[in-house]
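I have a structure here, written as structure tokens, and I will follow up with some questions on it.
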Amino acid sequence: MMKKFLISIMILSIFIDSSFAQVALNYNQLFPDVSTVSEVGFNQVKLQRIDAGFQELIAREQIPGAVALVIRNGKVVYEKAFGISDPKTNRAYKIDDIFRIASMSKAITSTAAMILYEQGKFNLDDPISKWIPAFKNMTVLSSYNQKDTTYTTVPAIKPITVRQLFTHTSGLSYGRISGDVRFHAISAKAGITELYTTDKVSLAENINKLASIPLVSQPGEKYNYAMGLDVLGYLIELWSGQKFDVFLKENLFLPLGMKDANFYLPENKADRLVPVLMPASNGKGWEKYTGTYYDADYPVKGAKTWFSGGAGLSCTARDYALFLQMLLNNGTANGKRVLSPYSVFLLTAANQTPELTPTEKSEQFNSLGFGVITSLGEERGNGYKGRFSWGGYFNTNYWADPKTGTIMVLLKQTRFAPDGGSANLFTRWITAAME
């Protein structure tokens with residue numbers, strides 16, 4: 001029996017490897033270069049000014065470097081790498097570098113869940129305790145004693161729903177990331193993993209620990225940035241009967257051609273992972289980030305058992321653009337349908353928190369997968385109405401604009417960097433170059 005199982009695994013591995021080999025052969029064809037930028041409505045002279053802009057940010061030590069990518073109508077308009085990714089070796093950034101995308105993982109997790117939504121595996125307003133019993137009878141933090149970390153709670157009035165996981169309205173919280181000293185202590189005491197780890201931690205183990213601590217607010221009452229997408233990743237395992245990483249590979253990464261997207265990197269790709277840098281302690285230049293909050297060996301070493309739907313993925317700029325292009329294509333990629341147009345609408349355009357973010361009074365609202373610019377946001381200079389976006393913990397940014405068919409991906413890998421508003425500047429340079 002074990003022999004048959006091992007043979008099956010070997011066959012699956014060969015299939016996956018050969019599938020990625022086919023993707024790799026045609027990778028550049030997935031995003032062909034434009035013959036001239038004018039064919040997709042850009043001014044070449046103004047686009048060239050972007051180079052000087054990034055060089056200035058690097059010279060002023062706002063960022064150590066970046067990979068910058070612009071796609072319009074499915075074609076590459078601008079793709080360049082700037083700066084030094086490793087000050088010890090003087091290694092330059094490259095356009096195929098792999099980055100920890102952290103919270104940019106959330107949109108991929110949301111999209112994966114919608115594949116199962118279309119299969120009828122869940123309803124958006126189902127209670128999550130239907131599949132994870134530990135979330136029954138949740139409580140909400142009432143008082144907290146900072147001296148001894150004891151606290152009191154009140155019962156949650158309503159159950160947490162699947163929709164609330166998507167929209168950060170579940171009442172769940174991050175610990176240290178949230179900046180709330182109460183939940184930093186409560187989460188740490190419960191042994192919850194909320195970012196990168198090389199320890200042997202499983203989704204089931206971690207999510208059940210999360211269910212053991214109180215909520216920060218009543219479900220559905222407030223927006224609170226949280227580990228809801230990690231819970232959603234675990235639910236994807238339960239709904240699909242597959243490990244989360246396998247489900248993503250088979251249903252998104254392979255179909256879209258995202259050949260370098262993964263939770264953990266194979267040895268032959270480890271040297272393409274960009275180290276996280278921070279301003280040097282001597283006040284000049286950059287050095288590797290040495291903080292103890294996340295494990296710097298992730299995602300190359302360790303147990304490789306922790307699949308964080310909220311923050312765990314790594315990929316290249318082109319990988320992420322392929323994902324966004326599928327959404328701009330209303331759910332199709334490489335001539336195949338990944339999601340229905342209506343599911344894409346729910347992910348990218350439908351206000352899922354109307355009571356908390358009424359569009360006429362808000363510059364942005366939350367869809368199931370993104371922050372979306374409103375009419376007011378457009379008028380305030382944030383971009384065209386309907387543009388959807390998010391960012392990542394290590395200074396990664398993206399947006400996709402359905403009105404102009406344009407995608408921006410800007411990948412850096414820093415902590416505590418001045419930054420100089422690089423994502424907003426890049427956006428301004430892009431829009432200034434549009435005809």
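Read the figures in this text as sums done on the coordinates, not as results from a lab. Values in this document were obtained by computation on a predicted structure and should not be read as measured data. Please note: Cβ atoms are built from the backbone with ideal geometry, for glycine as well, and neighbour counts cover all protein chains shown.
So, in Å, what gap is there between the alpha-carbon centers of segment 261-335 and segment 157-179?
One Cα centre to the other: 24 Å.
If you don't mind, another one. Which whole-number percent of Cα pairs in segment 124-227 have a distance greater than 15 Å? The partial results should precede the final answer.
Numbers: 3317 of 5356 pairs.
Counting every Cα pair in segment 124-227, those more than 15 Å apart make up 62 percent.
Neighbour counts of other C-beta atoms within 10 Å: give me W306, W390 arranged from fewest to most. Mind showing how you got there, number by number?
Values: W306 25, W390 19.
Exposure proxy ranking, most exposed first: W390, W306.
Going by C-beta contacts inside 10 Å, put H168, H184 in order with the fewest on the left.
On the way: H168 22, H184 18.
Lowest to highest Cβ neighbour count: H184, H168.
Among bridges DSSP assigns within the chain, what percent are antiparallel (round to 5)? Can you show the working numbers first?
Numbers: 48 of 52 bridges.
Beta bridges within the chain, antiparallel portion: roughly 90 percent.
Of I177, I115, I157, which has the largest mean-square fluctuation in a 10 Å C-alpha GNM of the chain?
Taking springs between Cα atoms under 10 Å, the residue moving most is I157.
Run the simple label-point estimate for R337 and K288 please: 7 Å along Cα→C-beta, distance reported in nm.
In this crude label model, R337 to K288 measures out at 4.9 nm.
Can you tell me which lysines have their Cα less than 27 Å from the Cα of K121? Leave out same-chain residues fewer than eight positions away.
Cα-Cα hits under 27 Å: K106, K130, K136, K158, K209, K222, K243, K249, K336.
Still on this structure, I have one more. Taking the chain as a Gaussian network, where each spring joins two C-alpha atoms under 10 Å apart, which residue of A321, A261, A296 fluctuates the most?
So, out of A321, A261, A296, the one fluctuating most is A296.
Still on this model: For every helix of n ≥ 4 consecutive DSSP H residues, a contribution of -39,500 (n - 2.57) applies; sum these over the chain, divide by its total residues, and give [θ] at 222 nm rounded to the nearest 500 deg cm²/dmol.
Values: 13 runs with 136 residues, N = 435.
Only helices count here, giving -9500 deg cm²/dmol.
So, one more: Roughly speaking, what % of Cα-Cα pairs in the chain are separated by over 32 Å, rounded to a whole number?
Numbers: 35675 of 94395 pairs.
Here the tail beyond 32 Å accounts for 38 percent of pairs.
What angle, in degrees between 0 and 90 and rounded to the nearest 10, separates the Cα long axis of helix 422-432 from the longest principal axis of the Cα atoms of the chain?
The angle comes out at about 50 degrees.
Quick one: check the C-alpha center-to-center distance for segment 98-118 versus segment 392-435, whole angstrom.
If we compute the Cα centre of each part, the gap is 19 Å.
Using only Cα atoms, find the angle between the long axis of helix 181-190 and the longest principal axis of the chain, and express it within 0 to 90 degrees, rounded to the nearest 10.
Helix 181-190 and the main axis of the chain meet at about 70 degrees.
Something else about it: Do you know the relative contact order of the chain, to the nearest whole percent, from alpha carbon pairs under 8 angstrom that are 6+ apart? Don't jump to the answer; show the numbers that get you there.
Details: 827 pairs, mean separation 95.5, N = 435.
Normalised by residue count, the contact order of the chain is 22 percent.
Please build a GNM for the chain, connecting alpha carbons under 10 Å apart, and tell me which residue among T161, T353, T290 fluctuates the most.
T290
Expressed as a rounded percentage, what relative contact order does segment 124-227 have, with Cα pairs under 8 Å and six or more residues apart?
36
Check cross-link reach from K94 to the aspartates and glutamates: straight Cα distance under 17 Å, and skip same-chain residues fewer than eight apart.
The qualifying aspartates and glutamates are D51, E79, D86, D260, D271, D319.
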